Amino acid sequence: MDSHKTYTVKEATLKLMNYCAYQERCHQDVEQKLIELRMIPEARQQIIHTLLEENFLNEERFAQSFARGKFRIKKWGRIRIQRELKRRKVSRFNIITALKEIDDTEYIETLDQLFKKRLESLTEKNPQKLKKKIADYLLYRGWESYLIYEKLNEI
């Protein structure tokens, strides 16, 4: 892409419609893309307004899709998902709505699977070090510490 190309509002709007149609985006992604296209603030505002009006950009839908995907594919816990959504400046309301997308039963089953898989992959003999390694792994993935410690007590 030629870094000096300029876009009309119409061209940039179409470009961003395609960008949003390809996968759900948050406002921050769209804003960043418009900055890369060197659009002036007034044009950025107008384009974002159009994308919202025509439902190409929907923060609630983005947050829900993000939460489902990161949980199912990357096996992230609620804390990590929440942190990542906050980093993308998603509203508190939409974060709460997004976390409701995760089924509680499936959540606990996934934690069990991750826990067992991690336990089997480690060769550590010292029980304290073993527990620490498992805890660190699950905390990094954003699982709640009280759930992790409940699982560790089963060893």
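The values are calculated or read from the model by the stated rules, or taken from the named source; none is laboratory data. As the structure is a computational prediction, the values presented were derived from the model and not from experiment. Ideal geometry is used to build each Cβ from the backbone, glycine not excepted, and the neighbour counts take in all protein chains shown.
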Among (1) over 18 Å from the mean Cα position of the chain (by Cα); (2) of a type in the set (Ser, Thr, Tyr); (3) part of a helix (DSSP H, G or I), SER65 falls short only on (1)
Pull up region 120-151, narrow it to residues that are more than 27 Å from the chain's Cα centre (by Cα) and surrounded by 12 or more Cβ atoms within 10 Å (Cβ to Cβ), then point me to the one that is nearest to LYS74 (Cα to Cα). LEU122
Pick from region 1-22 the residues that are basic (Lys, Arg) and either assigned to a helix (DSSP H, G or I) or touching a Pro at 6+ places or on another chain (Cβ under 6 Å) (or both): which of them is surrounded by the most Cβ atoms within 10 Å (Cβ to Cβ)? LYS15
Look at region 40-71 and say how many of its residues are closer than 30 Å to ARG141 by Cβ and among the charged types (D, E, K, R). 5
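Does THR123 qualify as being of a type in the set (Ser, Thr, Tyr) and outside any helix (DSSP H, G or I)?
yes
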Checked against (1) among the charged types (D, E, K, R); (2) surrounded by 13 or more Cβ atoms within 10 Å (Cβ to Cβ); (3) not assigned by TED's automatic domain parsing to the domain that holds ALA63, ARG78 satisfies every condition except (3)
Residue check: is LYS117 surrounded by 14 or more Cβ atoms within 10 Å (Cβ to Cβ) and more than 30 Å from LYS10 (Cα to Cα)? no
Subset of region 23-47, residues in contact (Cβ under 8 Å) with a residue 12 or more places away in the chain, part of a helix (DSSP H, G or I) and either charged (D, E, K, R) or surrounded by 19 or more Cβ atoms within 10 Å (Cβ to Cβ) (or both), comes to ASP29, VAL30, GLU31, LYS33, LEU34, ARG44, ILE47
